[in-house]
Amino acid sequence: MRFAFTEDQERFRADVRGALRSAEVQAEAAAATGAYGVEPDARPLYRLLGELGLLAVHWPVEYGGRGRSLTDAAIVAEELVRAGIPDTFHVNTVQIVGQFLLMAGSDEQKRRYLPAIARGESFASVLYTEPDAGSDLGALRAVAEPDGDGYRITGTKVFSLKTRFVDLGLCAARTTPGAGKYQGISLFLVDMQAPGVTVSMIPGVGDEHFHRVDLDAVAVPGTNLLGPRDEGWPLLNEALAIERTGMDYYLKAERWLDAALEALVDGAPETVPDDRLEQIGRWHGTLTADHVLAWEVLTGIAADRVDQVSTAVAKYHSSELAQSIAVWAADIPSPEQRANRTGAAMVLESAYREAPGLTLSAGTSEVMLQIMAASLDSTGQED
């Protein structure tokens, strides 16, 4: 169990915090922050972060990283959110697709894609979910048919974020239809500018827009097959577990609770009702436990121990907690604060619209509960 950081890690955190709070970074972060349904282009901000060497600190130097530890990468992720940096590009491009490339990519694929990602010059999205598959990736219908030395992918993917800004898609498709629900699935790196790729926005209430991606016989070279053909399911399981640390959801919950407290004490702290303060104390206690849980998962991953059940617990607890805080805090801002459309009121209004999706992304709460339940036998004991 992690309860403290080393002196080197604390120095590193202080350096990262100082860089992220510079006037230049804060100005770019403000310009990249969405509000009231408007989603700006955050790529200029990420190019600046890439120049500062803050996007992929744990990657090997040869791939654009700084050769630091996974713990240091998690420290950066914490400080990004606490500095008000919109983190979706970091989560999708670096933490998910970049980490997948590190885990399963060939040396050539790593050399081709990772340095540009680390510099903030290339961005990626995840193309897993389909209209009729939901959280069950075993029900996906996209097909990758052999075409010479490569493949042609046909299918539809939905609910991906930032997709109209990205260069690369990590796409799951069937290479051997009929092989079985979880067999015959392969993973591909798709050029999002290739002929046959159509990206459209899905109407929604959040500041970040979901997208639909239609793939019409999109040509993908064989060199863009990620991992062995037909062996995508084991890779997906491992990658999803790594995605479910709960840290990103915890950080959202922390930010939203801080905004709630800011709105409550604005101008007249003596008028805050006792029941509100009591609940904030309870939320902080729960957040502390959630933070420890996320770091316990991260510590295991850093030691090459990926526990599907622990990650399911972390994802479930953190996403449900963040949603609960957002719903509870929605009516805290006063009419005057709402009229200003800035500061804490803006954060909480945005949180209320974003929160429902947290218990769906990276696996629904119901799927997380199924994973937990499957680890127990009929007597309620662990297998």
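The values are calculated or read from the model by the stated rules, or taken from the named source; none is laboratory data. Remember, it's a predicted structure, so these values are computed and weren't measured experimentally. So basically every Cβ, Gly included, is an ideal-geometry build from the backbone, and we count neighbours across all protein chains shown. Areas reflect the complete protein model, heavy atoms only, side chains present, ligands, DNA and RNA absent. Shrake-Rupley method; radii C 1.70, N 1.55, O 1.52, S 1.80 Å.
Over 23 Å from THR288 (Cβ atoms), open to solvent by less than 30 Å² (accessible area, probe 1.4 Å) and touching a strand residue (DSSP E or B) at 6+ places or on another chain (Cβ under 8 Å): does that describe GLY65? No, not satisfied. List the number of the failed condition for TYR316; all other conditions in (1) under 24 Å from VAL76 (Cα atoms); (2) in contact (Cβ under 8 Å) with a residue 12 or more places away in the chain; (3) part of a helix (DSSP H, G or I); (4) open to solvent by less than 50 Å² (accessible area, probe 1.4 Å) hold. For TYR316, the failing item is (4).
Residue by residue through the range 124-147, note down the ones that are in contact with a strand residue (DSSP E or B) (Cβ under 6 Å, 6 or more places away or on another chain), open to solvent by 20 Å² or more (accessible area, probe 1.4 Å) and part of a strand (DSSP E or B). The answer is VAL126, VAL143, GLU145. In the range 28-46, of all residues being part of a helix (DSSP H, G or I) and open to solvent by 60 Å² or more (accessible area, probe 1.4 Å), the one that is farthest from ARG338 (Cα to Cα) corresponds to ARG43. Filtered by the rule that a residue be in contact with a Ser or Thr (Cβ under 8 Å, 6 or more places away or on another chain) and part of a helix (DSSP H, G or I), the range 94-123 gives VAL97, GLU108, GLN109, TYR113, ALA116, ILE117.
Beta carbons closer than 8 Å, at least 6 apart along the sequence or on distinct chains, pair a first residue in the range 61-81 that is assigned to a helix (DSSP H, G or I) with a second that is acidic (Asp, Glu) for ALA77/ASP87; ALA77/ASP248; LEU80/ASP87; VAL81/ASP87; VAL81/ASP248; VAL81/GLU254.
Looking across the range 319-348, the residues that are surrounded by fewer than 21 Cβ atoms within 10 Å (Cβ to Cβ) and assigned to a helix (DSSP H, G or I) come down to GLU320, SER324, VAL327, TRP328, PRO335, GLU336, GLN337, ARG338, ALA339, ASN340, GLY343, MET346. Name every residue in the range 157-176 that is closer than 23 Å to THR223 by Cβ, open to solvent by 20 Å² or more (accessible area, probe 1.4 Å) and of a type outside the set (Asp, Glu), in order of residue number. Of everything in the range 157-176, those that are closer than 23 Å to THR223 by Cβ, open to solvent by 20 Å² or more (accessible area, probe 1.4 Å) and of a type outside the set (Asp, Glu) turn out to be ARG174, THR176. ASP290 satisfies every condition listed in (1) under 26 Å from the mean Cα position of the chain (by Cα); (2) of a type in the set (Asp, Glu); (3) open to solvent by 50 Å² or more (accessible area, probe 1.4 Å) except (3). Of the strands (runs of 3 or more DSSP E) contained entirely in the range 180-272, those carrying at least 2 residues that are within 21 Å of GLY363 (Cβ to Cβ) fall at 185-191, 210-220.
Residues that are under 30 Å from SER350 (Cα atoms) and either open to solvent by 40 Å² or more (accessible area, probe 1.4 Å) or over 21 Å from the mean Cα position of the chain (by Cα) (or both) were ranked within the range 206-246; the one that is modelled with the highest pLDDT is ASP214.
Quick one: ALA118 ticks every box in (1) open to solvent by 30 Å² or more (accessible area, probe 1.4 Å); (2) small (Gly, Ala, Ser); (3) at pLDDT 95 or above bar one, so which box is it? Going through (1) open to solvent by 30 Å² or more (accessible area, probe 1.4 Å); (2) small (Gly, Ala, Ser); (3) at pLDDT 95 or above one by one, ALA118 breaks only (1). Tell me whether the range 334-347 contains one or more residues that are in contact (Cβ under 8 Å) with a residue 12 or more places away in the chain, within 25 Å of ALA73 (Cα to Cα) and of a type outside the set (Ser, Thr, Tyr). For the range 334-347, residues in contact (Cβ under 8 Å) with a residue 12 or more places away in the chain, within 25 Å of ALA73 (Cα to Cα) and of a type outside the set (Ser, Thr, Tyr): absent. Can you spot a residue in the range 185-205 that is more than 30 Å from ARG353 (Cα to Cα), within 22 Å of the chain's Cα centre (by Cα) and either open to solvent by 50 Å² or more (accessible area, probe 1.4 Å) or not hydrophobic (A, V, I, L, M, F, W, C) (or both)? There is at least one residue in the range 185-205 that is more than 30 Å from ARG353 (Cα to Cα), within 22 Å of the chain's Cα centre (by Cα) and either open to solvent by 50 Å² or more (accessible area, probe 1.4 Å) or not hydrophobic (A, V, I, L, M, F, W, C) (or both).
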